[in-house]
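Here is the structure we will look at.
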Amino acid sequence: MKEKIIIAIDGWSSCGKSTLAKQLAKELSYIYIDSGAMYRAVTLYFLRNHIDWTSVPEVKDALKNITLEFKPNHTNGESEMYLNEENVEYVIRDMVVAEKVSEVAAIEEVRTFAVAEQQKMGTAKGIVMDGRDIGTTVFPNADLKIFMTADIAVRVERRFKEMYSKNPNITVEEVKANLEMRDYIDSHRSVSPLQKASDAIEINNTGLTPEEQLQLTLNYVKNLQKQA
Ligand code: CDP
């Protein structure tokens with residue numbers, strides 16, 4: 001059996017990171033961790049419990065009451081986010097959460113909490129994790145680092161389609177504004193801002209089909225495994 005590696009995928013909002021991460025995990029029989037789901041789940045908890053996240057003591061207390069877990073879906077085997085034993089995979093994708101998640105994810109205590117959990121999940125290797133700081137902060141020694149980009153119009157179109165199927169009242173303008181706002185906050189925050197790791201491979205998938213982006217990345221994996 002080939003040696004298992006850690007694959008870190010970072011990039012802008014809605015540029016296909018999770019699609020690629022899921023494809024790779026399936027192909028390589030690795031575990032997929034959606035780190036963004038963890039920030040979304042924390043945000044959902046803060047919103048539901050009216051936590052004032054500008055108050056550090058309130059944030060610290062709230063985090064003590066949060067347990068995050070990924071469990072496989074019984075039908076398709078895909079991992080889903082559980083917040084304190086409740087399956088929140090669907091609800092964390094709502095615009096209400098998307099509007100606040102970057103603010104919450106910029107809080108140092110929240111990141112320390114999430115990163116510690118993510119690093120625990122990676123101890124066994126054989127993992128694909130996507131997010132904003134995986135190659136820079138969570139796994140700076142990851143074996144393969146991918147930084148994904150795509151044109152804003154394509155990103156908006158993809159996310160609009162996803163969100164429209166759940167909420168036909170959503171508009172393209174709303175989706176675009178949300179992606180741009182998150183990209184701005186994520187890349188300008190002081191703790192672990194979104195940035196390409198110096199040793200990451202950049203993939204612009206604007207013109208690539210899911211199959212093409214998978215094959216391209218699998219070639220990098222195979223090359224690494226040949227060298228090992
Ligand atoms: O899938 P999408 O691109 O919409 O974003 P996501 O991966 O679900 O992440 C949602 C938000 O969580 C991001 O906009 C970031 O604010 C935050 N996040 C982060 O700060 N660090 C990560 N490693 C992953 C997500």
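Rounded to the nearest whole Hz, the Karplus-based 3J(HN,Hα) values (6.51 cos²θ - 1.76 cosθ + 1.60, θ = phi - 60°) of the range 94-103 follow the sequence 5, 4, 4, 6, 4, 5, 10, 4, 6, 5, with x at glycine and proline. Amide H contacts of Asp151: Thr206, each under 5 Å away and 5 or more positions distant or on a separate chain (H built 1.01 Å from N in the peptide plane; Pro and chain starts excluded). In this structure the amide hydrogen of Ala197, modeled in the peptide plane, comes within under 5 Å of no amide hydrogen from residues 5 or more places off or on another chain. For Ile33, enumerate residues with amide H under 5 Å from its amide H, sequence gap 5+ or separate chain, H modeled in the peptide plane. Placed amide hydrogens put Val128, Met129, Asp130 under 5 Å from Ile33. Using the Cβ-Cβ distance between Met181 and Tyr220 with R0 set to 30 Å, the FRET efficiency works out to roughly 0.40. Note that the range 32-48 has calculated 3J(HN,Hα) couplings of 9, 10, 9, 5, x, 4, 5, 5, 5, 5, 4, 4, 4, 4, 4, 5, 4 Hz, one per residue in order, obtained from phi through the Karplus relation 6.51 cos²θ - 1.76 cosθ + 1.60 (θ = phi - 60°); glycine and proline are x. The residues Tyr32, Tyr82, when put in order of fewest to most other Cβ atoms within 10 Å, stand as Tyr82, Tyr32.
Phi-derived couplings, Karplus 6.51 cos²θ - 1.76 cosθ + 1.60 at θ = phi - 60°, listed residue by residue for the range 113-127: 4, 5, 5, 4, 5, 5, 5, 4, 5, x, 5, 8, 6, x, 9 Hz, with x used for Gly and Pro. Where both bridge residues fall in the range 1-150, DSSP classifies roughly 35% of the beta bridges as antiparallel. Name the shape class, rounded, prolate or oblate, that the alpha-carbon gyration tensor gives for the range 96-228, where a ≥ b ≥ c are the square roots of its eigenvalues, rounded holds for a/c under 1.5, and otherwise prolate holds if a/b is larger than b/c and oblate otherwise. Here the range 96-228 falls in the oblate category.
Cβ-Cβ distance of Leu208 and Thr112, R₀ of 30 Å, FRET efficiency by 1/(1 + (r/R0)^6): the value works out to about 0.25. How are the alpha carbon pair distances in the range 39-90 distributed across 5 Å bins from zero to the largest one, expressed in percent? Calculated P(r), rounded to whole percents: 5, 19, 29, 19, 13, 9, 5, 2, 0.
Given a cut-off of under 8 Å on Cα pairs at least six residues apart, what relative contact order in percent is computed for the chain?
Once divided by the residue count of the chain, the mean separation gives 33 percent.
I need the shape label for the range 6-223. Rule: rounded when a/c is under 1.5, else prolate if a/b > b/c, else oblate, with a, b, c from the alpha carbon gyration tensor. Here the range 6-223 falls in the rounded category. Annotation: extensible slack from Thr171 through Val91 equals 27.0 nm (criterion: 0.36 nm per residue apart, minus Cα-Cα distance).
None of the figures in this text is laboratory data; all of them are computed from the coordinates on show. Please read all numbers here as calculations on a predicted model, not as lab measurements. Counting neighbours? That spans all protein chains shown, and the Cβs are built from the backbone with ideal geometry, glycine included.
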